[in-house]
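*Asks:* This is the structure I have questions about; it appears just below.
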There are 2 protein chains.
Amino acid sequence: MTTETRKSEIINTAAKLFKHKGYSAVTMRDLAQAMGIKAASLYNHIESKQAILEYIIINIAEEFTLGMQTVLNSDLNTIQKLEAIIKLHVSIANQNPEGMAALNNDWMHLEERRDYYLELRQQYESNIRFIIDEGIAKNNLKNLSTDVVLFSILSTLRSLYLWIPKKDQLDVNELSSDLSEVLIGGINK
Amino acid sequence: MTTETRKSEIINTAAKLFKHKGYSAVTMRDLAQAMGIKAASLYNHIESKQAILEYIIINIAEEFTLGMQTVLNSDLNTIQKLEAIIKLHVSIANQNPEGMAALNNDWMHLEERRDYYLELRQQYESNIRFIIDEGIAKNNLKNLSTDVVLFSILSTLRSLYLWIPKKDQLDVNELSSDLSEVLIGGINK
DNA sequence: TATTTAAACTAACAAGTGTTAGTTTTTTTA
DNA sequence: TAAAAAAACTAACACTTGTTAGTTTAAATA
């Protein structure tokens, strides 16, 4: 359990380094230095560099999948579902922006678990697409290109990790509602 | 001039590889193999790996800066200016999605020219911010958080490179206008 | 056709890579 | 306090990295 703590420290430190330079450019010696130990000592706590990436990415991906299930099983209407998804993203990005960076930029360096990640990701996307289509069918959303709407929302939400760390002391509810206003209501008068 | 052609071939091939795995994970031997030659032969045409990255990123960054100047010097209104910027992004992303990937994901691996790139990028952002503020002041845009509006638009436009290659035979005008509709007009009825 | 130039090659370098083995030090537990 | 466990260490490995030097082949020019 001390190991578990130390392991998390390593993973969190790694995530920070990955955010700055990307998985490939971060060496085990970089990571060790950031932890104040030697590279070989890292292996008392983690199995491999690859395993660190897996921990970071798969945990977040499964957190998103879980959040999506909650939304899908709710009786919210289309707009409310989209608002819930926006809040899910703000919340996770706020809690772990470094991990989100790795998920967005380094997933292609996953080995064994790459396909699993891609499966979760694709499933997540189809679920949002389904919600948008439903909204258009029920006349809750304008009849726009589903692809363009999906792309626009998801691009913004996926980039949150870049933006959130700049704001100190973030109010998740406030940002979520501001984002919903812009993404759903548009900006022109 | 034969050299110039060969050099461009190398740079374009590199951009494709960078898009898939990122700058750090692509080796000169990978690049050589993709070109059908040996790694050492690359150096008859390019100065270094770093120089390839510079060519890719700085060219695009300057193209954006140029496009922004045209927009700023025009007498378009706020909405039209934003539409012009959207079209600028769609056009560049469509013409060079691999380069856009490198610009978005590998700029931090620039060495000498990193600061120059960041300067162009920051200037570009402030210009959009200025247009949004002007729009709010002139009552052409809703009175929303400038930061959130800027972030939402820019995130979407910066992610275009991920989405465009999937669509074959893209109509730049059509996508630009669809995007404008969603980003500016919103999606709810 | 002879010569220059462009573009490929082989061989090698110094430095850096993730990781393992074996050992010592520090901390926790009995 | 003695024993056990955790966490650090040094040293080394096999391999990969970007790049250079020197050479050979192919193409363009005179």
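*Asks:* Pick out the one residue from A:145, A:180, A:155, A:159 that is open to solvent by less than 60 Å² (accessible area, probe 1.4 Å), more than 8 Å from chain B (Cβ to nearest Cβ) and not charged (D, E, K, R).
*Replies:* Testing whether each residue is open to solvent by less than 60 Å² (accessible area, probe 1.4 Å), more than 8 Å from chain B (Cβ to nearest Cβ) and not charged (D, E, K, R) leaves just A:180.
*Asks:* Residues in region B:156-189 that are more than 17 Å from residue B:85 (Cβ to Cβ) and touching a residue at least 60 places away in the same chain (Cβ under 8 Å): how many?
*Replies:* Of the residues in region B:156-189, 3 are more than 17 Å from residue B:85 (Cβ to Cβ) and touching a residue at least 60 places away in the same chain (Cβ under 8 Å).
*Asks:* Across region A:30-44, which residue is farthest from residue A:101 (Cα to Cα) among those that are under 25 Å from the mean Cα position of the chain (by Cα) and not acidic (Asp, Glu)?
*Replies:* To start, the set of residues in region A:30-44 that are under 25 Å from the mean Cα position of the chain (by Cα) comprises A:30-31, A:34-35.
Remaining after also requiring not acidic (Asp, Glu): A:31, A:34-35.
Values: A:31: 17, A:34: 18, A:35: 20 Å.
Result: A:35.
*Asks:* Starting from residues that are more than 14 Å from chain B (Cβ to nearest Cβ) and over 14 Å from residue A:6 (Cβ atoms), keep the ones in region A:48-57 and report whichever is farthest from DNA strand D (Cβ to nearest atom). It would help to see each step written out before you state the result.
*Replies:* We begin by selecting, within region A:48-57, every residue more than 14 Å from chain B (Cβ to nearest Cβ); these are A:48, A:51-52, A:54-57.
Keeping just the survivors that are over 14 Å from residue A:6 (Cβ atoms) gives A:48, A:51, A:54, A:56-57.
Numbers: A:48: 14, A:51: 16, A:54: 20, A:56: 19, A:57: 22 Å.
That would be A:57.
*Asks:* Which members of region B:37-63 meet the condition of being within 10 Å of DNA strand C (Cβ to nearest atom) and open to solvent by less than 60 Å² (accessible area, probe 1.4 Å)? Don't jump to the end; show me each part of the working.
*Replies:* First, pick out the residues of region B:37-63 that are within 10 Å of DNA strand C (Cβ to nearest atom): B:37-45.
Hits for region B:37-63 are B:37, B:39, B:41, B:42, B:45.
*Asks:* Sticking with this one: Could you say whether any residue in region A:121-134 is open to solvent by less than 20 Å² (accessible area, probe 1.4 Å) and within 10 Å of chain B (Cβ to nearest Cβ)?
*Replies:* Taking every residue of region A:121-134 in turn, at least one turns out to be open to solvent by less than 20 Å² (accessible area, probe 1.4 Å) and within 10 Å of chain B (Cβ to nearest Cβ).
*Asks:* Take the residues of region B:65-79 that are assigned to a helix (DSSP H, G or I), surrounded by fewer than 19 Cβ atoms within 10 Å (Cβ to Cβ) and touching a residue at least 40 places away in the same chain (Cβ under 8 Å): which is farthest from DNA strand D (Cβ to nearest atom)? Please lay out each step first, then the result.
*Replies:* Step one: of region B:65-79, the residues assigned to a helix (DSSP H, G or I) are B:65-72, B:78-79.
This time we only want the ones that are surrounded by fewer than 19 Cβ atoms within 10 Å (Cβ to Cβ), so: B:65-67, B:69-70, B:72, B:79.
Adding the requirement that they be touching a residue at least 40 places away in the same chain (Cβ under 8 Å) leaves B:65, B:72, B:79.
Numbers: B:65: 27, B:72: 37, B:79: 46 Å.
Among residues in region B:65-79 that are assigned to a helix (DSSP H, G or I), surrounded by fewer than 19 Cβ atoms within 10 Å (Cβ to Cβ) and touching a residue at least 40 places away in the same chain (Cβ under 8 Å), the one farthest from DNA strand D (Cβ to nearest atom) is B:79.
*Asks:* Going by what's in this entry, would residue A:88 be described as under 25 Å from residue A:173 (Cα atoms), touching a Ser or Thr at 6+ places or on another chain (Cβ under 8 Å) and of a type in the set (A, V, I, L, M, F, W, C)? Can you show your working first?
*Replies:* Numbers: under 25 Å from residue A:173 (Cα atoms): yes; touching a Ser or Thr at 6+ places or on another chain (Cβ under 8 Å): no; of a type in the set (A, V, I, L, M, F, W, C): yes.
Here the answer is no, as residue A:88 does not meet what is asked.
*Asks:* Looking at (1) touching a residue at least 40 places away in the same chain (Cβ under 8 Å); (2) part of a loop (DSSP other than H, G, I, E, B), can you tell me which one residue B:123 breaks?
*Replies:* (2)
*Asks:* Collect the residues in region A:19-36 that are open to solvent by 50 Å² or more (accessible area, probe 1.4 Å), away from chain B (no Cβ under 12 Å) and more than 8 Å from DNA strand C (Cβ to nearest atom), keeping them in residue-number order.
*Replies:* Within region A:19-36, A:33, A:34, A:36 meet the criteria.
The values are calculated or read from the model by the stated rules, or taken from the named source; none is laboratory data. Given the structure is predicted, the values throughout are model-derived calculations rather than measurements. For neighbour counting, all protein chains shown are included, and Cβ atoms are generated from backbone atoms with ideal geometry for every residue, glycine included. The accessibility values were calculated without ligands, DNA or RNA, using every heavy atom of the protein model including side chains. Shrake-Rupley method; radii C 1.70, N 1.55, O 1.52, S 1.80 Å.
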